[in-house]
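Worksheet for the structure shown next.
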Amino acid sequence: MTPPYIALVDCNNFYASCERVFRPDLGDRPIVVLSNNDGCVVARSPEAKALGIQLGDPYFKIRHAFERCRGLAFSSNYTLYGDMSRRVMETLREFTDEVEVYSIDEAFLGLRDRARGLSPLAEAMRTTVKRWTGLTVSVGVGTTKTLAKVANRLAKRETGACNLVEHGDLASVLSEVDVGDVWGVGPRYGRMLASYGIKTALQLSQADDQWVRRRMTVMGLRTAMELRGIPCFALDEQPMPKKAIVRSRQFGRDIVDLEELLEPLASYVAAAARALRRQRSVAGSMRVSLATSRYDEYAYGNARFGVLPWATAHTGELIGWACQLMRQIYRPNYTYRRCGVMLTDLSSDRIQQERLFVDGRYDEKKKVLMQVVDQVASAWGEDALKYAREGLDVGWGMRQHSRSPRYTTRWDEVPVIPA
DNA sequence: TCTGGGGTCCTAGGACCC
DNA sequence: TCTGGGGTCCTAGGACCC
């Protein structure tokens, strides 16, 4: 049964806040968190926002000015953020069983309380999450996911909680919301709608159904209906297993040599294979890609897709096939900047299709071997056991000049409080 | 020097089948 | 002389999300 009310709970400035929780000494210094390779800004504290720093700003461009303002930059520390996220989600489960973890810092909650109890409930969520994790969340409540998103935006501007269920005049609220800020309306649709004079969420909700469907597909129509309070996006408590698993990254430095290129590739394949096994799947096909920098004068990029001889989650097999594909697209004399692998055609590792005329398969013996590999990784860290092909990371790994400690997941990095 | 990474869904159009 | 129509599967491309 669809719950009558939906809350969207979202952590404010999530990555930057995670860093701050463990560094109270930073006070109100501006904080940014950088993407892989310390490339560009992916999160900002309120103080950094106030300095005018934008998401996606290349760090090297703002660094000077930022540091002059006593700003502090952190390399991204996904181990820490992932663990903090898990703590927030667990806290939210204290309030309802219906939790859809939507992203690392957001969850939709199904609520069945009477409408009058919703605002105190939202407040209780905020104070409990703050007390248990140190993080501040905003809570928006509405009758559909899209309206909960709208409420959440308003919550951020106001006191941190916003309940549209008890709001008497939804139309006037929606007339104040820019259509481009509606969940599901991106920059393209935003421009298209504006060119037809549709500038607010209210106007979109009142537009003709057929017209919306034609211009924005059924997804756009669902968005418009959700704005009217008709639920079209269900709460998804148990997300389906992923249909594709991608690992792709820029190197810490350029690579020209094929054999050297196979090392990061192997290590991305190993990471993808771990994710594959975590969701108890096997992959039936894969796609390998490589590219020079986009800004390179002699740019080259290519990708090749291959159906695997048999579906597997065995790291060694996947690395071998990935290397074959890579050899097909590699061209000498380019300075490569990134490569990647995508595992597709995923299926359960319990039901396996036998293929005629192929005598290999992902059998019990391989499965057990992989279980051991995963156990070692969970006990000793993901880099404890590697395939030889992954090499020893002679410089291609990520540049991370200022990663914070993994405070909550590594005994050797827990915070120490002198007493 | 230096510009992120990982996903989803929908639609149109081609290949192929009966 | 005449050259169907409906269905499925796959892929590429486009839109979106965080």
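Would you please name the residue that is nearest to the chain's Cα centre (by Cα), looking only at residues in the range A:300-343 that are among the hydroxyl-bearing types (S, T, Y), modelled with pLDDT of 90 or more and within 21 Å of A:D254 (Cα to Cα)? So the residue we want is A:Y336.
With respect to the conditions (1) of a type in the set (D, E); (2) under 24 Å from A:D374 (Cα atoms); (3) exposed (fewer than 15 other Cβ atoms within 10 Å of the Cβ), A:E317 falls short on a single one, namely (3).
Can you pull out every residue in the range A:213-231 that is closer than 30 Å to A:Q279 by Cβ and surrounded by fewer than 16 Cβ atoms within 10 Å (Cβ to Cβ)?
So in the range A:213-231, the residues closer than 30 Å to A:Q279 by Cβ come out as A:217-219, A:222-223, A:226, A:231.
Within the range A:213-231, A:T217, A:V218, A:M219 meet the criteria.
Are any residues in the range A:229-250 near DNA strand B (Cβ under 6 Å from one of its atoms) and either without any contact (Cβ under 8 Å) to a residue 24 or more places away in the chain or more than 30 Å from A:D38 (Cβ to Cβ) (or both), and if so, which ones?
Applying the first criterion (near DNA strand B (Cβ under 6 Å from one of its atoms)) to the range A:229-250 yields A:242-250.
The answer is A:K243, and nothing else.
Taking the criterion of being within 16 Å of DNA strand B (Cβ to nearest atom) and part of a strand (DSSP E or B), the residues of the range A:6-60 that qualify are A:D10, A:C11, A:V32, A:V33, A:L34, A:C40, A:V41, A:V42, A:A43, A:R44, A:P58.
Among the residues in the range A:166-173, are any surrounded by 19 or more Cβ atoms within 10 Å (Cβ to Cβ), in a helix (DSSP H, G or I) and within 29 Å of the chain's Cα centre (by Cα)? Within the range A:166-173, none of the residues are surrounded by 19 or more Cβ atoms within 10 Å (Cβ to Cβ), in a helix (DSSP H, G or I) and within 29 Å of the chain's Cα centre (by Cα). Of all residues assigned to the range A:120-138, none qualifies as being in a loop (DSSP other than H, G, I, E, B) and in contact with a Leu (Cβ under 9 Å, 6 or more places away or on another chain). Pairs linking a residue in the range A:78-98 that is within 20 Å of A:R410 (Cβ to Cβ) to a residue that is not in a helix (DSSP H, G or I), with Cβ atoms under 6 Å and 6 or more positions apart or on different chains, are A:T79/A:R406; A:T79/A:T409; A:L80/A:R406; A:D83/A:T408; A:D83/A:T409; A:S85/A:I104. Residue under question is A:F66, and the condition is that it be out of contact with any strand residue (DSSP E or B) (no Cβ under 8 Å at 6 or more places or on another chain) and either assigned to a helix (DSSP H, G or I) or modelled with pLDDT of 95 or more (or both); does it hold? Taking the combined requirement at face value, the residue does not satisfy it. Given the criteria farther than 24 Å from A:M240 by Cα and either in a strand (DSSP E or B) or out of contact with any Pro (no Cβ under 7 Å at 6 or more places or on another chain) (or both), does A:L343 qualify? When the stated conditions are applied, A:L343 does not pass them.
The values are calculated or read from the model by the stated rules, or taken from the named source; none is laboratory data. Everything numeric here is computed off the predicted structure, so don't read it as measured data. In this analysis, Cβ positions are derived from the backbone assuming ideal geometry, glycine residues included, and neighbour counts consider all displayed protein chains.
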